[in-house]
Every structure is written in structure tokens, then in C-alpha cells.
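As C-alpha cells, the structure follows; a few thoughts come after it.
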Amino acid sequence: MHNAFARQPKTIIFDFDGVILDSARPKTMAFAQCYAGEDESKIAEVIRYQERHGGIGRQQKFEYFEEHVFGRRVDASRIADLCDRFASIVDKAMMDAPFVPGAEELLQRLNGCIPLHLVSGMPDGDLKLVLMRRGLVHYFSSVAGSPKKKITEFCRILKSEQCDPKDALAVGDSRTEFDAAVELGIPFLAVVAQNAPDFFPADAVRCRDLTGFDALVALKN
């Protein structure tokens, strides 16, 4: 069997929710919970938007929901309240979320062999706190969350690793990181969980989880 990515990447950039931790669905429903009592059709629109734009920070999403879904003026104090409400819902979920199948084992195997970086739409401070609490910090050469932009962070990583885009690999579950990778010429592996919506183009390389990573990506034994 031929690997979809025929040579070992010099660096790998991972997303977090839905790629390392199986936390994408709880976060989607947390956005819906923040709007409990609102029009059900608008809550459904919130869910659809979150499913498609998982890699964008929560503040930016709430600003979008308020203006474009609910037709309200964006109010900074309300956005802050929504972000706090969201954080209170997902805090425990992030500690309880299981690993995506194969993720923990893959991090252990690649640790010290290939530089691994983490770029997430989760707020930077919250992301680093979760990594610390879950004992995952040591796996990553760098960690970046929102409001940092994915394409900016991808560029930073390529520069810091002195890596040509074609020699890197990005692994994610949303179009946000996919579009950033494509723009820079970084190969991309899409993680599309069972029964999850699939927003990737037909020719994108896909996997259900990370148990089959070795079958897709050439790695030196």
C-alpha cells in the first residue's frame, strides 16, 4: 500500500479539538446552550456555522452570531458574558474528553522524532491550561490559540523550523486550517469523525481518527 503522503514530514502541525481530543461535538453543543431559549431555527444555524468553522475563536464566533444570525448590535459586554458562559460549560468537558482514537499513542511515538506544533481556535490561555492539566505540554514545540490566526502561525512554524511548506503536514478537522494549509502549499490530512459533517473537497486525504495515521503518512521506523 502506498502512503498518501509519500515522505516523512519534517514538522507536523495539529489542530486540537476533534484531532487530539474528542471535544469538537461538546463545544458545538456549548454554543447552542449559550443561546438556549432563542429561536430554534437560529440555534440550528449556530450549530451549522460552528461545525463548518471550528478553527475560529469563540469571541469572533459570538460576534458573528449576534450580528448575522440574531440581527443584534454587537455589544462588547454581552460578548464577554457569552464567552464566560461558554467557558463555564466547556471547562469540565475539556478535562473529561477522551482522546481521539490513536492520538495519544501517535503523540507518544512521534515525541522527540518530529517537531510537533499545536495551532487551535481555542483561546491561547485556555488551551495552554488544558494542555498543562492533561499533561500534554511536552509533546509540542509550540502552542498557539486564538486570537492568533492559523495562517500566521503556520508561517511562523515554517520559518522557525526552516521547513519548506511541502515538507510539513497539517492535520485538522475544519476548513479554517485546511484553507490556511492550501494557501501556503502545506499538505493536509483531514480528520472527519464518523457521522460528522464533511466540508472538505473530494480530493482531500481523509481519516476517521488517528489510528490509521501510519497507513497514510510515511514514517521512519
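What is the projected area of the convex hull of the Cα atoms of the stretch 11-137, averaged over all directions, in nm²? Kindly include the intermediate steps, with their values, before the conclusion.
Numbers: hull surface 32.2 nm².
So the mean shadow area of the Cα hull is 8.1 nm².
Straight-line reach from K42: which lysines have Cα under 16 Å away, leaving out those fewer than 8 places along the same chain?
K61
For the chain, what does the helix formula give at 222 nm: sum of -39500 (n - 2.57) over DSSP H segments with n ≥ 4, over the residue count, nearest 500 deg cm²/dmol? Don't skip to the end; give the middle numbers.
Details: 9 runs with 95 residues, N = 221.
Helix-only estimate at 222 nm: -13000 deg cm²/dmol.
If you take the alpha carbon radius of gyration of the stretch 1-86 and divide it by 2.2 N^0.38 Å, what ratio comes out, to two decimals?
Values: Rg = 16.7 Å, N = 86, 2.2 N^0.38 = 12.0 Å.
The value comes to 1.40.
Got a sec? Charge dipole of the chain, +1 on Cβ for Lys and Arg, -1 for Asp and Glu; which of M94, Q8, N195 is way out at the positive end?
Q8
Charges at C-beta only: +1 for Lys and Arg, -1 for Asp and Glu. How large is the resulting dipole of the chain about its Cα centre, in Debye rounded to 20?
Working: 28 positive and 32 negative charges, 95 e Å.
Dipole size: approximately 460 debye.
If a/c stays under 1.5 just call it rounded; otherwise compare a/b with b/c (prolate if a/b is bigger, oblate if not). Do that for the stretch 82-211, with a ≥ b ≥ c from the square roots of the Cα gyration tensor eigenvalues.
Details: a/c = 1.35, a/b = 1.23, b/c = 1.10.
Rounded is the answer for the stretch 82-211, as its axis ratio a/c remains below 1.5.
For the stretch 1-33, state which trypsin sites (Lys or Arg not before Pro) are in a DSSP loop and have at most 16 other beta carbons lying within 10 Å of their beta carbon. Present the calculation step by step, with values, prior to reporting the outcome.
Numbers: sites: R7, K10, K27; in loops: R7, K10.
Sites meeting the loop and neighbour criteria: R7, K10.
Just to confirm the number: angle between the C-alpha axis of helix 76-96 and the first principal axis of the chain, 0 to 90 degrees, nearest 10?
50 degrees
Output needed for the chain: three equivalent-ellipsoid semi-axes, defined as square roots of 5 times the C-alpha gyration tensor eigenvalues, in descending order, whole Å. All intermediate terms of the calculation are to be shown ahead of the outcome.
Numbers: eigenvalues 184, 62, 55 Å².
In descending order, the three semi-axes are 30, 18, 17 Å.
Kindly express, to the nearest 10 degrees and within the range 0 to 90, the angle between helix 150-160's C-alpha long axis and the longest C-alpha principal axis of the chain.
30 degrees
Under the definition of Cα pairs under 8 Å and six or more residues apart, what whole-number percent is the relative contact order of the stretch 17-114?
Numbers: 68 pairs, mean separation 40.2, N = 98.
Reported relative contact order: 41 percent.
Hey, quick one: spin label on K220, modelled 7 Å out along Cα-Cβ, who in the stretch 139-161 has an amide N within reach, i.e. under 16 Å?
none
Could you tell me what percent of the accessible area of the stretch 114-211 is made up of carbon and sulfur, with a 1.4 Å probe and every protein chain present?
Details: 2400 of 4460 Å².
Carbon and sulfur atoms account for 54 percent of the accessible area of the stretch 114-211.
With every protein chain present, what accessible area does R109 have (1.4 Å probe, heavy atoms only), rounded to the nearest 10 Å²?
Rounded to the nearest 10, the figure is 120 Å².
Accessible area per residue, 1.4 Å probe, Å², for the chain: what's the number?
Details: 10810 Å² over 221 residues.
I get 49 Å² per residue for this part.
Along the charge dipole of the stretch 1-122, Cβ charges K/R +1 and D/E -1, which of H117, A44, F70 sits furthest on the positive end?
The one lying farthest along the dipole's positive direction is H117.
What's the FRET efficiency of H138 with E45 using the Cβ-Cβ distance as r and R₀ = 41 Å, to the nearest 0.05?
On the way: r = 40 Å, r/R0 = 0.97.
That pair, H138 with E45, gives E of 0.55.
Using only alpha carbon pairs under 8 Å that are at least six residues apart, calculate the relative contact order of the stretch 100-221 and give it in whole percent.
Values: 143 pairs, mean separation 27.5, N = 122.
Here the relative contact order equals 23 percent.
With the cut-off at 31 Å, tell me which of the pairs K128/K166; K92/K220; K10/K149 have Cα atoms farther apart than that. Please list the in-between numbers first.
On the way: K128/K166 28 Å; K92/K220 37 Å; K10/K149 22 Å.
Over 31 Å apart, Cα to Cα: K92/K220.
Using only Cα atoms and rounding to the nearest 10 degrees, what angle (0 to 90) does helix 40-52 make with the longest principal axis of the chain?
20 degrees
The values are calculated or read from the model by the stated rules, or taken from the named source; none is laboratory data. What you see is a predicted model, and the numbers here were worked out from it, not measured in a lab. Cβ sites come from the backbone with ideal geometry, for glycine too, and all protein chains shown count toward neighbours. Calculation scope for accessible area: heavy atoms of the full protein, side chains included, ligands and nucleic acids excluded. Shrake-Rupley method; radii C 1.70, N 1.55, O 1.52, S 1.80 Å.
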